[in-house]
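Peer 1: Below are the structure tokens for one structure; questions will follow.
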Amino acid sequence: MNKNVLLLLAIISGLLSCAPEEPTDLTQNNVIPKPVSVTATGKAFRLSEQTKIYVQAGSNLEATAQYLQDKLTPATGFQLTVEAVSEAPSEGIFLTTTNDSELGNEGYALQIDKKLLTLQVNKAEGAFRGIQTIRQLLPLSIASSSVQQADWMIPTGTIHDFPEYEFRGTMLDVARHFLGAEDVKHFMDLMAYYKFNVLHLHLTDDQGWRIEIKSWPKLTEIGGSTEVGGGEGGFFTQEQYTDLVNYAAERFITIIPEIDMPGHTNAALASYAELNCDGKATELYTGTEVGFSTLCTDKEITYAFIDDVIGELASLTPGPYIHIGGDESHVTKKEDYIPFIERVQDLVYAHGKTMIGWDEVTLAKLDKRSIAQYWSSAENAKNAVQQGVKVIMSPAKKAYLDMQYDSLSPLGLHWAGYVEVDTGYDWDPVKLEKEIGRDNILGIEAPLWTETVTNRADMEYLVFPRLAGYAEIGWSPTEGKSWDEYKVRLAAHGNQYDTWGINYYRSKLVPWNK
Ligand code: TNX
């Protein structure tokens, strides 16, 4: 009898302790990238059926408020209507502008009180970044696309947050295997969640030409017709491409188009005989070797061709950059390569854009505005710094999303080594090459080359969870960062990936939740 009563009490107290507690310590958040500063005030803000999203009247924050509503509605089932107001409300969510130079264009300040959550920004892009933080502060089930029973609470306090680097990018190689517009958009949604602001699209390579050029239609008719392994390939029409650019802009992401040259050009050489020195079109290529192709650098038609391509691309590109590749041109003589790059650089500026190239382009004399993308050569990095051009850091052995996690990874390459999740996270762009200091670095970019990636699930497997780490390197201060602390936050993100149905690598190094 006595025993049964005790058992009953034990069960009841067990049940009670399972009831959700109010989360009250804002410093115990799982936000990635880690915010610059957080203070906690020990209470909780609650999202309810009555909550409204207010935006300051006359500000340009309405679209961003709408985006927040779209993200919060499915799991909560709440209406959360957006309303413009000329004065701060006493409760709800309030998006408003401020003038705080420390925040820059992308920073934001969050003030979370029991009744009112205020997001203050200089610019709309700051609001967009701040909204990603709000999404990550809510209970994990907010990621669901169907209504969930949860207490939608956020601990009270303040967050003051802004990026370390102005350039935080990823790259998708849509040339080796073509990934369609829907996959690219899906990728951008996930980039947005991690506050990335640049998507570099590697649009052409030996195996495929993926962007319609109206003045040279065979580039896509022939050059876009296959891919690694001999599949059917594909390409973006200019209309589809513009749709991607707009989708990116809504997420404050700049798309950088890359046309790789003079090497990595077999798809173009197979499409137009006249681009070859011997006047004969090459065969289409579906293997994975690199460094065997080159445009004919001493034919005038080559430059007329490049001028047309860059011209059409520039008119499709609201962003400031055009990437001209320039990597691994092993069959272009150095004395041909250097003047080629210098001439193409002039063409890029003639079309009003800033040139980016892989680190080999630093062999040429660069315009001070041009940017070098470091991927492996310390020597080239030194050239860049000596010429006074800025560098984007994409060290293959740390930041290549196509490297295998370990020797058992079913996808990826390993020429630069294995990149486990901790290796991908635990490095500092400033400490990598002694020649490259903080002032030389524009930002970081994590590229996904797709020799082994055939579809969305493959892409997700190599990208997640490493992408979150690159986001943190690009955004958060290096001071106080540690893998042991990070891996706990990352584990919570695994729950989001599960909810979204993302095919991620469940590294043994991360203490994933059940
Ligand atoms: C090197 S990195 C390349 C690409 C390959 C990649 C595979 C760079 C500028 N060039 O052509 O796809 O390795 O990891």
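Peer 1: Hey, among 124, 192, which residue is touching a Leu at 6+ places or on another chain (Cβ under 8 Å) and in contact (Cβ under 8 Å) with a residue 60 or more places away in the chain?
Peer 2: Answer to the selection: 124.
Peer 1: Counting only residues that are open to solvent by less than 10 Å² (accessible area, probe 1.4 Å) and more than 19 Å from residue 211 (Cα to Cα), which one in the range 292-310 is nearest to the ligand (Cβ to nearest atom)?
Peer 2: In this case the residue turns out to be 293.
Peer 1: So is residue 422 within 11 Å of the ligand (Cβ to nearest atom) and under 21 Å from the mean Cα position of the chain (by Cα) or not?
Peer 2: Spelling it out, it is not the case that residue 422 is within 11 Å of the ligand (Cβ to nearest atom) and under 21 Å from the mean Cα position of the chain (by Cα).
Peer 1: Here are the criteria: (1) more than 14 Å from the ligand (Cβ to nearest atom); (2) among the charged types (D, E, K, R); (3) under 30 Å from residue 494 (Cα atoms); (4) not in a loop (DSSP other than H, G, I, E, B). Tell me which single one residue 406 does not satisfy.
Peer 2: (4)
Peer 1: Could you list, in sequence order, all residues of the range 331-365 that are among the hydrophobic types (A, V, I, L, M, F, W, C) and open to solvent by less than 10 Å² (accessible area, probe 1.4 Å)?
Peer 2: Result: 340, 341, 344, 348, 355, 356, 358, 361, 364.
Peer 1: Then there is this: Can you go through 490, 462, 411 and tell me which one is assigned to a helix (DSSP H, G or I), within 16 Å of the ligand (Cβ to nearest atom), in contact (Cβ under 8 Å) with a residue 24 or more places away in the chain and of a type in the set (A, V, I, L, M, F, W, C)?
Peer 2: 462
Peer 1: While we're on this one: If you scan the range 165-175, which residues turn out to be surrounded by fewer than 21 Cβ atoms within 10 Å (Cβ to Cβ) and not aromatic (Phe, Trp, Tyr)?
Peer 2: Of everything in the range 165-175, just one residue is surrounded by fewer than 21 Cβ atoms within 10 Å (Cβ to Cβ) and not aromatic (Phe, Trp, Tyr), namely 166.
Peer 1: Pull up the range 476-487, narrow it to residues that are touching a residue at least 24 places away in the same chain (Cβ under 8 Å) and in a helix (DSSP H, G or I), then point me to the one that is most open to solvent (accessible area, probe 1.4 Å).
Peer 2: 487
Peer 1: Now, a different point. If I go through the range 237-273 residue by residue, how many of them are of a type in the set (D, E, K, R) and either buried (at least 23 other Cβ atoms within 10 Å of the Cβ) or more than 20 Å from residue 311 (Cα to Cα) (or both)?
Peer 2: Qualifying residue count for the region: 4.
Peer 1: May I pose another question? Looking at residue 282, is it within 14 Å of the ligand (Cβ to nearest atom) and polar (S, T, N, Q)?
Peer 2: So residue 282 does not fit the description; no.
Peer 1: Can I ask one more? Can you go through 436, 444, 502, 473 and tell me which one is touching a helix residue (DSSP H, G or I) at 6+ places or on another chain (Cβ under 9 Å), within 16 Å of the ligand (Cβ to nearest atom) and open to solvent by less than 20 Å² (accessible area, probe 1.4 Å)?
Peer 2: Criteria check complete, one pass: 444.
Peer 1: Continuing with this model, one more query. Among the residues of the range 87-124, write down those that are surrounded by fewer than 19 Cβ atoms within 10 Å (Cβ to Cβ) and acidic (Asp, Glu).
Peer 2: 87, 91, 100, 102, 113
Peer 1: Could I ask something else about it? Select from the range 125-136 the residues that are over 13 Å from residue 71 (Cα atoms), of a type outside the set (Gly, Ala, Ser) and either surrounded by 23 or more Cβ atoms within 10 Å (Cβ to Cβ) or out of contact with any Ser or Thr (no Cβ under 9 Å at 6 or more places or on another chain) (or both) and list them in ascending order.
Peer 2: The answer is 129, and nothing else.
Peer 1: I need a count of the residues in the range 396-408 that are free of Cβ contacts under 8 Å to residues at least 24 places away in the same chain, open to solvent by less than 10 Å² (accessible area, probe 1.4 Å) and out of contact with any Gly (no Cβ under 6 Å at 6 or more places or on another chain).
Peer 2: So the answer is 1.
Peer 1: Quick check on the range 124-146. Is at least one of its residues touching a Gly at 6+ places or on another chain (Cβ under 8 Å) and hydrophobic (A, V, I, L, M, F, W, C)?
Peer 2: no
Peer 1: Only one of 203, 140 is assigned by TED's automatic domain parsing to the domain that holds residue 100 and either farther than 24 Å from residue 239 by Cα or touching a residue at least 12 places away in the same chain (Cβ under 8 Å) (or both). Can you tell me which?
Peer 2: 140
Peer 1: Quick test of your reading of the structure: residue 417 fulfils all but one of (1) assigned to a loop (DSSP other than H, G, I, E, B); (2) touching a residue at least 40 places away in the same chain (Cβ under 8 Å); (3) within 13 Å of the ligand (Cβ to nearest atom). Name the failing condition by number.
Peer 2: Unmet condition: (2).
Peer 1: Does the range 438-447 include one or more residues that are modelled with pLDDT of 95 or more and assigned to a loop (DSSP other than H, G, I, E, B)?
Peer 2: No: the range 438-447 contains no residue that is modelled with pLDDT of 95 or more and assigned to a loop (DSSP other than H, G, I, E, B).
Peer 1: For a quick check of your reading: which strands (runs of 3 or more DSSP E) sit entirely within the range 93-179 and have at least 3 residues that are within 16 Å of the ligand (Cβ to nearest atom)?
Peer 2: Where strands (runs of 3 or more DSSP E) fall fully within the range 93-179 and carry at least 3 residues being within 16 Å of the ligand (Cβ to nearest atom), they are 167-173.
Peer 1: Then there's this: Among the residues that make up the range 386-395, is at least one of them within 16 Å of the ligand (Cβ to nearest atom), open to solvent by 10 Å² or more (accessible area, probe 1.4 Å) and not charged (D, E, K, R)?
Peer 2: There is no residue in the range 386-395 that is within 16 Å of the ligand (Cβ to nearest atom), open to solvent by 10 Å² or more (accessible area, probe 1.4 Å) and not charged (D, E, K, R).
Peer 1: Mind checking which residues of the range 45-69 are more than 20 Å from residue 126 (Cβ to Cβ) and surrounded by fewer than 19 Cβ atoms within 10 Å (Cβ to Cβ)?
Peer 2: Within the range 45-69, 46, 48, 49, 50, 52 qualify.
Peer 1: Name every residue in the range 147-164 that is open to solvent by less than 50 Å² (accessible area, probe 1.4 Å) and farther than 20 Å from residue 124 by Cβ, in order of residue number.
Peer 2: Scanning the range 147-164 gives 150, 152, 153, 154, 155, 156, 157, 158.
Peer 1: Could you list all residues from the range 372-381 that are surrounded by fewer than 22 Cβ atoms within 10 Å (Cβ to Cβ) and of a type in the set (A, V, I, L, M, F, W, C)?
Peer 2: Selection gives 378 alone.
The values are calculated or read from the model by the stated rules, or taken from the named source; none is laboratory data. Everything numeric here is computed off the predicted structure, so don't read it as measured data. Using ideal geometry, Cβ is built from the backbone for each residue, glycine included, and neighbour counts are taken over all protein chains shown. With ligands, DNA and RNA removed, areas are computed over all heavy atoms of the protein, side chains included. Shrake-Rupley method; radii C 1.70, N 1.55, O 1.52, S 1.80 Å.
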